[in-house]
Amino acid sequence: MRDEGLAEIANFSLALRQARELVAEWDEKGDATDAIVRRKIASLKRGVVEGSAEWQILFRRYRDEELRKKGPR
């Protein structure tokens, strides 16, 4: 953004460090959420096969629920 003249960033190194921290936090949150969702699906009695259409639907549904519970950030 800075190189293309789309934004003026007074302290680029600070902005870059903060952006990296946010990405790392987002990645950790995603990994934790992924593990929770996979455990939920695995605990279902009907044995949903990973990769199946039903598994994909459940994964999205449970992931959305978990992200709503955690709220922003």
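Please treat every number below as a calculation from the coordinates, not as lab data. Note that the structure is predicted; figures quoted are calculated from it, not measured. In this analysis, Cβ positions are derived from the backbone assuming ideal geometry, glycine residues included, and neighbour counts consider all displayed protein chains.
Couple of notes before you dig in:
- When every Cα-Cα distance of the chain is counted in 10 angstrom steps from zero, the calculated P(r) takes the values 17, 33, 21, 17, 10, 2 percent.
- Listed by Cβ neighbour count within 10 Å, with the fewest neighbours leading, Ile36, Ile57 appear as Ile57, Ile36.
- Nearest-0.05 FRET efficiency for Glu25 and Glu54, computed from C-beta distance (R0 30 Å): 0.45
- The relative contact order of the chain comes to 25 percent, based on Cα pairs under 8 Å that sit 6 or more residues apart.
- Along the axis of the charge dipole computed for the chain (Cβ charges of +1 for Lys and Arg, -1 for Asp and Glu, origin at the Cα centre), the listed residues Ser43, Leu67, Gly5 are led at the positive end by Ser43.
- Gaussian network model of the chain, Cα within-10 Å springs - most flexible of Leu22, Leu14, Leu58: Leu14
- Taking the C-alpha atoms only, the angle from helix 12-42 to the longest principal axis of the chain is near 0 degrees.
- Acute angle (nearest 10 degrees) that the helix 53-70 long axis makes with the longest principal axis of the chain, alpha-carbon atoms: 50
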